[in-house]
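Engineer: Okay, handing you the structure first.
The values are calculated or read from the model by the stated rules, or taken from the named source; none is laboratory data. As the structure is a prediction and not an experimental result, all values here were calculated from the model. Positions of Cβ are generated from backbone atoms using ideal geometry, with glycine treated the same way; all protein chains shown enter the neighbour counts.
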Amino acid sequence: MTVFWKTGPLGVAAATVQQVAFVFISLTVLFPFYYMLVNALKTRDDYAFDRVGFPPDVTFGNFSRLFDETPILTWYLNSVVLTGASVILSVAVAALAAYAFARFEFRGGTLLYRLLISLLVVPPIVLVMPLFVLAVRLGVVNTRAAAVVVYVGILLPFSIFLLTSFFRTIPRELIDAARIDGASTLGILVRIVLPLSAPALVTLAIVNALWVWNELLIALVLLQDEGLRTLQVGVAQFRSRFDVDIPVMMAGLVLASWPAIVAYVVGQRYFTRGLLAGSLRG
């Protein structure tokens, strides 16, 4: 019966349904990218005539308007600075904490780890108002440092969880051998654990970078100055700035999306290995 299910008519039908479902899901995911790209290359009149089809005459005028009428390069730079600083700090702090949780036994360690993991269920949106009030009282509104600290704090629970799971898969014999050879705790982490954890580190860097790059609400609340706005905040304000000029908005979304797409494509091999590695070994 099992063989018949896999090789007989029922098996062929099941495989066909599965393939159709995969194709449908893929098209559903890819359609927004197609819609965004083709409309970014249309004029306003072409968009009003046909919103889904290919542009009759490809134009890059919408991109030119962005560079001419908005400080989009400044927004890009702000996003790069915030993303880079947040990723570097979150990965570095998470690596130190995860190594302690994975390889050392200390009083309250298990409880502290569980408390950190429990923060994963807290949506960042509920923290916006308390963080804004705190930032106002400390006088750090409109400072990049405040935004970076907030981003790092939000990223740390997941970062520590992922790296702790991965560090526990590294054979203890390697660490014991290095300690016998006289390596310090920090030396073991830097020279042995981190090189072996490259897939997890790349995965974590990509996930954190994508989240910070696409984050809108915290940047909108904490960075209200025009010169400090991130790319996502600037793109979100296109509607009021350009009224209903959808092609210009689509051009802004294209410019905002390609760094995230490139980062994922470049690190895809490490991304998949890093997500699965912690669950393959106990």
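Engineer: Tell me, yes or no, whether the range 138-145 has at least one residue that is assigned to a helix (DSSP H, G or I), within 21 Å of the chain's Cα centre (by Cα) and of a type in the set (A, V, I, L, M).
Structural biologist: Scanning the range 138-145 turns up at least one residue that is assigned to a helix (DSSP H, G or I), within 21 Å of the chain's Cα centre (by Cα) and of a type in the set (A, V, I, L, M).
Engineer: Going through 115, 127, 155 one at a time, which residue ends up being within 16 Å of residue 215 (Cβ to Cβ), among the aliphatic types (A, V, I, L, M), part of a helix (DSSP H, G or I) and out of contact with any helix residue (DSSP H, G or I) (no Cβ under 7 Å at 6 or more places or on another chain)? Before you say what the answer is, go through the steps one by one.
Structural biologist: Details: 115 fails: within 16 Å of residue 215 (Cβ to Cβ); 155 fails: out of contact with any helix residue (DSSP H, G or I) (no Cβ under 7 Å at 6 or more places or on another chain).
Step by step, each of 115, 127, 155 is checked, and only 127 is within 16 Å of residue 215 (Cβ to Cβ), among the aliphatic types (A, V, I, L, M), part of a helix (DSSP H, G or I) and out of contact with any helix residue (DSSP H, G or I) (no Cβ under 7 Å at 6 or more places or on another chain).
Engineer: Of these, 190, 141, which one is more than 24 Å from residue 111 (Cα to Cα) and without any contact (Cβ under 8 Å) to a residue 40 or more places away in the chain?
Structural biologist: Among 190, 141, only 190 is more than 24 Å from residue 111 (Cα to Cα) and without any contact (Cβ under 8 Å) to a residue 40 or more places away in the chain.
Engineer: Same structure, new question: Does residue 74 meet the test of being surrounded by 14 or more Cβ atoms within 10 Å (Cβ to Cβ) and either touching a Phe, Trp or Tyr at 6+ places or on another chain (Cβ under 8 Å) or without any contact (Cβ under 8 Å) to a residue 40 or more places away in the chain (or both)?
Structural biologist: no
Conditions (1) in contact (Cβ under 8 Å) with a residue 12 or more places away in the chain; (2) surrounded by fewer than 17 Cβ atoms within 10 Å (Cβ to Cβ); (3) among the β-branched types (Val, Ile, Thr), marked per residue:
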position	(1), (2), (3)
25	no, yes, yes
32	no, yes, no
35	yes, yes, no
40	yes, no, no
44	yes, yes, no
47	yes, no, no
51	yes, yes, no
54	yes, yes, no
58	yes, yes, yes
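Quick grid of which residues meet (1) more than 20 Å from residue 200 (Cα to Cα); (2) among the basic types (Lys, Arg):
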site	(1), (2)
120	no, no
124	yes, no
132	yes, no
137	yes, yes
141	yes, no
150	yes, no
156	no, no
161	no, no
179	yes, yes
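Engineer: Residues that are β-branched (Val, Ile, Thr) and not assigned by TED's automatic domain parsing to the domain that holds residue 190: which helices (runs of 4 or more DSSP H) entirely in the range 11-103 hold 3 or more of them?
Structural biologist: Qualifying helices (runs of 4 or more DSSP H): none found.
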